[in-house]
Amino acid sequence: MARQSTKPRKQRKMLYTAPLHRLAKLMSVHLSPELREKYKRRSFPVRVGDKVKILRGDFKGVEGKVIEVDRERQVVYVENATLKKADGTTVNRPIHVSDIVITELSLDDPYRKEALMRGKEVEA
């Protein structure tokens, strides 16, 4: 069995060259303290429709829905985090997944609901 390196250079390379099916799990985001208490887990993969709060950067404190998830770049686009370009058009600002916390989960998908409860005894 291959042993994984702890060297920072190799860790970064692993992130940048990881296949897309592995990046999905790496896109896990911390849950807010309320959700953490409710679901008895620390983090969960982010999806379009989740409500998040930005913790770092120019948009610190901004809350909004996730409108797009970019697995390759490991960023999400939040509806209230936009920049105005020189020509007047607005563009969504990419926010790295480590800089956000999920405040409300989108549980429309029954598979996602099941994944959230997997391995946990949660009182409904």
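Read the figures in this text as sums done on the coordinates, not as results from a lab. Quick caveat, the model's predicted, so the values are computed rather than measured. Neighbour counts run over all protein chains shown; Cβ positions are idealised from the backbone, glycine included.
Can you list residues whose amide H is under 5 Å from Glu104's amide H, if they're 5+ apart or on another chain and H is modeled 1.01 Å from N?
Counting only residues 5 or more places away or on other chains, the set is Lys51.
Could you compute the FRET efficiency for Lys7 and Glu72, with r as their C-beta to C-beta distance and R0 at 30 Å, rounded to 0.05? Intermediate values should be presented prior to the final figure.
Numbers: r = 23 Å, r/R0 = 0.77.
Plugging the Cβ-Cβ distance into 1/(1 + (r/R0)^6) gives 0.85.
Using the Karplus curve 6.51 cos²θ - 1.76 cosθ + 1.60 with θ = phi - 60°, work out ³J(HN,Hα) for each residue of the range 50-56 in order, rounded to whole Hz, and write x for Gly and Pro.
Computed from phi, the couplings for the range 50-56 are 5, 9, 10, 10, 8, 9, 9 Hz.
Could you sort 56-62, 83-89, 11-17, 95-101 so that the peptide with the highest average Cβ count within 10 Å comes first and the rest follow in order?
Working: 56-62: 12.9, 83-89: 7.7, 11-17: 10.9, 95-101: 18.3.
Output ranking for 56-62, 83-89, 11-17, 95-101: 95-101, 56-62, 11-17, 83-89.
For the chain, what are Rg and Dmax over the alpha carbons, in angstrom?
16.3, 55
Give me a comma-separated list of calculated 3J(HN,Hα) values for the range 29-38, in order, Karplus coefficients 6.51, -1.76, 1.60 applied at θ = phi - 60°, integers in Hz, x for any Gly or Pro.
Whole-Hz 3J(HN,Hα) from phi for the range 29-38: 10, 4, 8, 5, x, 5, 5, 4, 5, 5.
Tell me what the chain gives for mean residue ellipticity at 222 nm when only DSSP H runs of n ≥ 4 count, each as -39,500 (n - 2.57), the sum divided by the residue total, rounded to 500 deg cm²/dmol.
Per the formula, -7000 deg cm²/dmol.
What FRET efficiency, computed as 1/(1 + (r/R0)^6) with R0 = 22 Å and r the Cβ-Cβ distance, is obtained for Glu34 and Thr82, rounded to the nearest 0.05?
0.20
Measuring from a point 7 Å past the Cα of Leu20 along Cα-to-C-beta, which residues in the range 62-84 have an amide N at less than 14 Å?
The answer is 69-74, whose backbone nitrogens lie closer than 14 Å to the label point.
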